[in-house]
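Structure record follows, encoded as structure tokens.
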Ligand SMILES: [Zn+2]
């Protein structure tokens, strides 16, 4: 028959097993928003590129319309000037008019070059936008799928957390309140508040337990604290292991 101490130890081990699982679950749950955000970021990146390209396209189209209007009005103006050349009386005025017409034509050629460049830009941006729209649709599908998977994982984890939590009160009610308090106290610092001692070494902190304490522990009467890390420690007396000294 198990001694009271052994029974308490078994219960405490069970409680710690549950608490460690709960910690794991809570950590996973806490990492979910970050993972959902990461799944969304590829979609957001394409969306942002698409918005930039659309703004650039609107700007290029506006500039092109502006240049075309300027070209059209300057061309009309030059034609009118040419048509009225015959009416000019002096050589000086005639030459000035010719110079002005030539200047306007030169500016118009530059406008035409700019319009061509803008047409090319509009064409490239339009192609780019079509590609980005298709990418965005793909990314949205991938993101929605990932988002759904993560939401399902969240539901599963929550369910599992609730089921582990539901098991705690029954165990705690059977434990000595002092043991629970000690356990909770150490657990504020280490999730694995209860540690085994193997071959005289605390498995929580890997430090040696002094021989005298170790011998006391072999009597299996109460939980001790590791002198180095303060975890609650216990020892399982193995066959051939040095027994308590009388
Ligand atoms: Zn320790």
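The values are calculated or read from the model by the stated rules, or taken from the named source; none is laboratory data. Computed from a predicted structure; not experimentally measured. Cβ placement follows ideal geometry from the backbone for every residue including glycine, while neighbour counts extend to all protein chains displayed.
Observations
- Single residue of the range 152-184 satisfying the filter (over 19 Å from residue 14 (Cβ atoms) and without any contact (Cβ under 8 Å) to a residue 40 or more places away in the chain) that is nearest to the chain's Cα centre (by Cα): 152
- In the range 191-219, the residues that are farther than 13 Å from residue 231 by Cβ reach residues that are within 10 Å of the ligand (Cβ to nearest atom) and modelled with pLDDT of 90 or more with C-beta atoms within less than 6 angstrom, at least six apart or across chains, in these pairs: 200/208; 200/209; 208/201.
- Among the residues of the range 212-230, those that are in a helix (DSSP H, G or I) and within 15 Å of the ligand (Cβ to nearest atom) comprise 213, 214, 217.
- Residue check for residue 197: in a strand (DSSP E or B), within 16 Å of the ligand (Cβ to nearest atom) and not assigned by TED's automatic domain parsing to the domain that holds residue 32: yes
- Restricting attention to the range 231-246, the residues that are in a loop (DSSP other than H, G, I, E, B) and at pLDDT 90 or above total 1.
- Residue check, residue 149 surrounded by 12 or more Cβ atoms within 10 Å (Cβ to Cβ) and within 16 Å of the ligand (Cβ to nearest atom): no
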